[in-house]
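K.L.:
A single structure is presented below for examination.
Since every read-out is calculated from the coordinates, none of them should be taken as a lab result. What you see is a predicted model; the values in this text were computed from it and never measured. Cβ coordinates were reconstructed from backbone atoms using ideal geometry, including for glycine residues, and neighbour counts include every protein chain displayed.
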Amino acid sequence: MQALYAQLLVGLINGSFYALLSLGLAVIFGMLNIINFAHGALYMMGAFCAYFLLNLAGIGYWWALLIAPIVVGIFGMILERTMLKWLTGLDHLYGLLLTFGIALIVQGVFQNYFGSSGLPYAIPDELKGGMNLGFMFLPVYRGWVVVFSLVVCLATWYLIERTQLGAYLRAATENPTLVRAFGINVPRMITLTYGLGVGLAALAGVLSAPINQVRPLMGADLIIVVFAVVVIGGMGSIMGSIITGFALGVIEGLTKYFYPEASNTVVFVLMVLVLLVKPTGLTGRAA
Amino acid sequence: MKPKFIAQLLLGTALLVGAAAGARADDKTIKIGVLTDNSGLYADLGGPGSTLAAQMAIEDSGMAAKGWKIDLISADHQNKPDVATNIARQWVDVEKVDIFMDVLNSGVALAVNNLVREKNSILIDTGAATSDLTNAQCSPNTIHWVYDTYMLAHSTGQALVKAGGDTWFFLTADYAFGAALERDTTAVVIKSGGKVLGSVKHPLNSSDFSSFLLQAQASKAKIIGMANAGGDTTNTIKQAAEFGIVSGGQKLAGLLLFITDVHALGLKVAQGLNFTETFYWDMNDGTRAFAKRFSERSKNKAMPSMVQAGVYSGLIHYFKALDALGGNPHDGAKVVAKMKEMPTDDALFGQGSIRADGRKIHPAYLFEVKKPEESKGPWDYYKLVGTTPADQAFRPLAESACPLVKK
């Protein structure tokens, strides 16, 4: 029984990454209608950004949490302005192919310069150590990841679903011409939204840097699972992607305990089941 | 017009004669194929570095001066046996590759081993770990050069049990290599009087090991044996530190670690780990000289891993055998037989030999990773703590299930 609690908690930790990444994807898909395959590469860039800040500029973890998402977010906005913008109104497939190509290029460049084994990034001193919870030893850093990503997820949800700005955004997706008639700069809003989604990916990257090696392929390994999460939760649904992210982390954690060999595939089995029963995803609305 | 035409005709005939001569026994062409993981989790320990090592072996061999023409090609097998087999088949049938080098990843190696035998080509495997390559699956076309799971299990396993680590729990990569390493280590642990409390299999190339580590922690085993490699091992070690496994009194045993892994982890995390290798760049003047030249030409100035060193050493011996044969017969089994006849001797692995089962033998070294304050500079990572002599390091022929071994 104790082992079970421990696995549940570990599942929540992984779920935090799934939630943060799938949230960014959902925001981008919901507002821009782009299936952002570059998300994993941008997540990796976030981790590398934290590494460079520490090793080249001596800027530590806490500032990296703020600076890396901004830097990578700006990179994302440049991508949107120079490339993705031209795909508005075209079939989803074009955006998918373009972002997939960008991901391959970015990963290839990083792999060329930094190899595949990755670079070390230490846990910040304030979050070192752990607590004995009776049923498991919880590293402080992992606890921090769960709490912090939960807060970020809820804040993003609030921003989009409950504020004036969010209302403009949602309106702009529904009918951009009408929203523009009210004097709102829709293209700029879309660029900023892409930047926000990308920033969330970079933030997840910084959070994961101390846990995993900072590796060029860290995003490629994760992104496929995250896409499955988004499909299960329903494309474009903000709350859906947050809840599914955490839930799938837990389910995966339990699989690692009961039948570890299947832990890489369980998410996809679930995806197939959900698609068979409810093709729009658990919380998705029919397009 | 006419004399020119005749001259052309003569030239053409001369070329034809030359080409026909090329197909005879004194043919001095060689084509080498480095088949490895160029982009995945093992790319740093083999990958482009293996191709560089092959290039250096070609340059150092002096074969060109003796009239040999050597081609080198390389491909990425993506750690997928089916991809590897397709490339290998094309290499033999279309590219006319004479010899396969590196071929890391045990799953890939077993597949290529079969194909190479069927096509009478040559495989010098320097990267795969499974000891089956020279046991039940042994072949007259394959030489297993650097290390294997039997050797790793005996050297590291025995040393740890002797030091009091008599209860074990395994974290095992879920494919041919992990299974072989766990099997061979379990045998050693039990034979030395220890006990295996359990094991958990994780998928290849996992990023999160916390669930598996919690199970290892709960087993209360004194030693957690990591039967995995590359990125999987570095992530396990890093996350074990986070979960307080080492500070809780359990010890991690890296059954297969490479210098590139230690470099990626940093000494702060890796210090104190014990593991076995058969090559380290800072062993003697010969290894240092090679490593210096290698590092200057490699990406990120990396030092050679034992896999990459093996590619160099294996090719040097292959060239010697061909030179002794006086030409390339393009007959894999014949060349391998010649290689087995000749003693091996090179700057990296010293003197050794190749046994009937295809096992190349040389000493095995038990290393400990230095503390950060003990390291004098970049890549100064290992302390030698024990040596197993060549004749004891690998599976005794008496225990072999290889049909090539006459008993």
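K.L.:
R0 = 30 Å: FRET efficiency of A:VAL277 with A:ALA3, Cβ-based, nearest 0.05?
P.N.:
0.45
K.L.:
Now for a different question. Would you mind giving the mean number of other chain beta-carbons within 10 Å of the Cβ of each residue in B:187-200, as a whole number? Write down the numbers at each step before the final one.
P.N.:
Working: counts 0, 0, 0, 0, 0, 0, 0, 0, 0, 0, 0, 0, 1, 4.
The mean count of partner-chain Cβ atoms within 10 Å per residue comes to 0.
K.L.:
Based on the Cβ-Cβ distance from A:ILE224 to B:ASP282, what FRET efficiency comes out when R0 is 51 Å, to the nearest 0.05?
P.N.:
0.80
K.L.:
Whole angstrom only: what separates the Cα centroid of the range A:211-233 from the Cα centroid of the range B:84-116?
P.N.:
Comparing the Cα centres of the range A:211-233 and the range B:84-116, I get a distance of 31 Å.
K.L.:
Under the rule that a partner needs its Cβ under 4.7 Å from the first Cβ, which Cys of the protein assembly as shown have none?
P.N.:
A:CYS49, A:CYS153
K.L.:
Sequence neighbours fewer than 8 away in the same chain don't count; with that in mind, list the aspartates and glutamates whose C-alpha is under 14 Å from A:LYS256.
P.N.:
Counting by Cα, and skipping residues close in sequence, A:LYS256 has these aspartates and glutamates nearby: B:ASP174, B:ASP208.
K.L.:
Rounded, prolate or oblate for the range B:314-407? Axes are the square roots of the Cα gyration tensor eigenvalues, ordered a ≥ b ≥ c, and the cut-off for rounded is a/c under 1.5.
P.N.:
Oblate shape, in that a/c is at least 1.5 and b/c is the bigger or equal ratio.
K.L.:
While we're here: Across the residues of B:236-242, average count of Cβ atoms on other protein chains within 10 Å? If you can, show how the numbers build up before the last one.
P.N.:
Numbers: counts 0, 0, 9, 4, 0, 3, 11.
If you average over the peptide's residues, the count of other-chain Cβ atoms is 4.
K.L.:
Please list the non-local residues whose amide H lies under 5 Å from the amide H of B:ARG355, H modeled 1.01 Å from N, same-chain partners needing a gap of 5 or more.
P.N.:
The answer is B:LYS360, B:ILE361.
K.L.:
Taking the beta-carbon count within 10 Å as an exposure proxy, list A:LEU138, A:LEU21 from fewest neighbours to most. Present the calculation step by step, with values, prior to reporting the outcome.
P.N.:
On the way: A:LEU138 19, A:LEU21 32.
Going from least to most buried by this count: A:LEU138, A:LEU21.
K.L.:
With the convex hull built on the Cα atoms of the protein assembly as shown, state its orientation-averaged projected area in nm².
P.N.:
Seen from a random direction, the Cα hull of the protein assembly as shown projects 37.6 nm² on average.
K.L.:
Turning to a different aspect of this structure: Quick one: Cα centre-to-centre distance for the range B:313-353 and the range B:205-269, in angstrom?
P.N.:
Each part's Cα centre sits 39 Å from the other's.
K.L.:
How big is D, in µm² s⁻¹, for the range B:63-141 by Stokes-Einstein at 37 °C and 0.692 mPa s if Rh is the Kirkwood radius over C-alpha pairs?
P.N.:
252
K.L.:
Would you mind putting B:383-394, B:246-257 in packing order, based on average other-beta-carbon counts within 10 Å, highest first? If you can, show how the numbers build up before the last one.
P.N.:
Values: B:383-394: 15.1, B:246-257: 20.0.
Ranked from most to least packed, the peptides come out as B:246-257, B:383-394.
K.L.:
Also, quick follow-up: For the range A:155-160, in order, what is each residue's ³J(HN,Hα) by Karplus, 6.51 cos²θ - 1.76 cosθ + 1.60 with θ = phi - 60°, in whole Hz (x at glycine and Pro)?
P.N.:
For the range A:155-160, the Karplus curve yields 4, 5, 4, 4, 4, 8 Hz.
K.L.:
Using a Förster radius of 41 Å, what is the FRET efficiency between A:PHE100 and B:ALA398 based on their Cβ-Cβ separation? Nearest 0.05, please.
P.N.:
0.15
K.L.:
Compute the Cα gyration tensor for the range B:127-234, then decide on rounded, prolate or oblate, letting a ≥ b ≥ c be the square roots of its eigenvalues: rounded whenever a/c is under 1.5, prolate when a/b is larger than b/c in the other cases, and oblate in all that remain. Present the calculation step by step, with values, prior to reporting the outcome.
P.N.:
Values: a/c = 2.37, a/b = 1.32, b/c = 1.79.
Oblate, because a/c is 1.5 or more while a/b does not exceed b/c.
K.L.:
Now for a separate question. Ranked highest first by average number of other Cβ atoms within 10 Å, how do B:163-176, B:101-114 line up?
P.N.:
B:101-114, B:163-176
K.L.:
If you don't mind, there's one more thing I want to ask. Using the alpha-carbon centroid of each, what span in Å lies between the range B:156-175 and the range A:58-114?
P.N.:
With the range B:156-175 and the range A:58-114 each reduced to a Cα centre, they are spaced 44 Å.
K.L.:
Output ³J(HN,Hα) for the range A:54-70: one whole-Hz value per residue in order, computed from phi by the Karplus curve 6.51 cos²θ - 1.76 cosθ + 1.60 with θ = phi - 60°, and x for Gly and Pro.
P.N.:
Working through the residues one at a time gives 6, 8, 9, 10, x, 8, x, 4, 5, 5, 4, 4, 8, 6, 4, x, 5 Hz.
K.L.:
Something else now. Among B:277-290, A:45-58, how do they line up from the highest to the lowest mean number of other beta-carbon atoms within 10 Å? Write out the running numbers ahead of the final one.
P.N.:
On the way: B:277-290: 18.0, A:45-58: 19.6.
Final packing ranking: A:45-58, B:277-290.
K.L.:
Oh, and also: For the range A:16-106, what value does the Rg/Rh ratio take when both radii are computed over Cα atoms and Rh is the Kirkwood radius, given to two decimals?
P.N.:
When Rh is taken as the Kirkwood radius, the ratio is 1.01.
K.L.:
Within 10 Å of each Cβ in peptide B:260-266, how many partner chain Cβ atoms are there on average? Round it to a whole number, please.
P.N.:
The per-residue average across the peptide is 4.
K.L.:
Among B:TRP68, B:ILE316, A:ALA181, whose Cα projects farthest towards the positive end of the dipole of the protein assembly as shown, with charges put on the beta-carbon of Lys, Arg (+1) and Asp, Glu (-1)?
P.N.:
Of B:TRP68, B:ILE316, A:ALA181, it is A:ALA181.
K.L.:
Also, I was wondering about something else. Give me the one-decimal nm value for the distance between modelled label points at A:GLU174 and B:ALA333, 7 Å along each residue's Cα-to-Cβ direction.
P.N.:
Result for the modelled spin labels: 7.8 nm.
K.L.:
Another one. With unit charges on the beta carbons (Lys and Arg positive, Asp and Glu negative) and the dipole taken about the Cα centre of chain A, which residue among A:TRP86, A:TYR257, A:PRO124 sits farthest to the positive side?
P.N.:
A:TRP86
K.L.:
Right, another one. Using the number of other C-beta atoms within 10 angstrom as an exposure proxy, rank B:CYS138, B:CYS402 with the fewest first.
P.N.:
Starting with the residue having the fewest Cβ neighbours, the order is B:CYS402, B:CYS138.
K.L.:
Something else about it: Can you quote the Å³ per residue value for the convex hull of the Cα atoms in chain A, rounded to an integer?
P.N.:
Residue-normalised Cα hull volume stands at 137 Å³.
K.L.:
Students often forget the sequence filter, so: which aspartates and glutamates lie under 15 Å Cα-Cα from B:LYS292 once same-chain residues fewer than 8 apart are removed?
P.N.:
Straight-line reach from B:LYS292, under 15 Å: B:ASP60, B:ASP282, B:ASP380.
K.L.:
Could you pull the Cα extents of the range A:157-230 along its three principal axes, largest to smallest, in whole Å?
P.N.:
49, 22, 21
K.L.:
Taking θ as phi - 60°, what are the ³J(HN,Hα) couplings along the range A:45-50 by the Karplus curve (6.51, -1.76, 1.60), each to the nearest whole Hz, with x for Gly and Pro?
P.N.:
Each residue's phi maps through the Karplus curve to give 5, x, 5, 5, 4, 4 Hz.
K.L.:
If you add up the charges near A:ILE35, with Lys and Arg at +1 and Asp and Glu at -1, over every other residue whose beta carbon is less than 15 angstrom from its beta carbon, what do you get? Kindly include the intermediate steps, with their values, before the conclusion.
P.N.:
Values: positive: none; negative: A:GLU80, A:ASP91.
That sum, taken over residues with Cβ under 15 Å, equals -2.
K.L.:
Non-local amide H neighbours of B:VAL196 (under 5 Å, H modeled in plane, Pro and chain starts lacking H): which ones?
P.N.:
Amide H neighbours of B:VAL196, under 5 Å, 5+ apart: B:TRP168.
K.L.:
Cut-off under 24 Å on the C-alpha distance; same-chain residues fewer than 8 positions from B:LYS334 excluded. Which lysines are left, in chain and number order?
P.N.:
B:LYS28, B:LYS31, B:LYS66, B:LYS69, B:LYS96, B:LYS119, B:LYS320, B:LYS360, B:LYS406, B:LYS407
K.L.:
Quick one: if you stick a label point 7 Å off each Cα along the C-beta vector at B:ASP71 and A:THR163, how many nm between them?
P.N.:
A separation of 6.3 nm, rounded to one decimal place.
K.L.:
Just check the range A:1-59 against the gyration tensor rule for me: Cα atoms, a ≥ b ≥ c as the square roots of the eigenvalues, rounded for a/c under 1.5, and otherwise prolate or oblate depending on whether a/b exceeds b/c.
P.N.:
oblate
K.L.:
Mind giving me the nanometre distance, one decimal, between the label points for B:LYS376 and A:ILE184, set 7 Å out from Cα along Cα→Cβ?
P.N.:
6.8
K.L.:
Okay, moving on. Give the Kirkwood hydrodynamic radius (Å, one decimal) of chain B, defined as one over the mean of 1/r across all pairs of different Cα atoms.
P.N.:
22.0
K.L.:
Okay, moving on. Take the Cα atoms of the range A:76-170, build their convex hull, and give its volume per residue in Å³.
P.N.:
Taking only Cα atoms, the range A:76-170 has a hull volume of 212 Å³ per residue.
K.L.:
Also, I was wondering about something else. Please list the non-local residues whose amide H lies under 5 Å from the amide H of B:GLU277, H modeled 1.01 Å from N, same-chain partners needing a gap of 5 or more.
P.N.:
Excluding prolines and chain starts, which carry no amide H, the hits are B:TYR365, B:PHE367.
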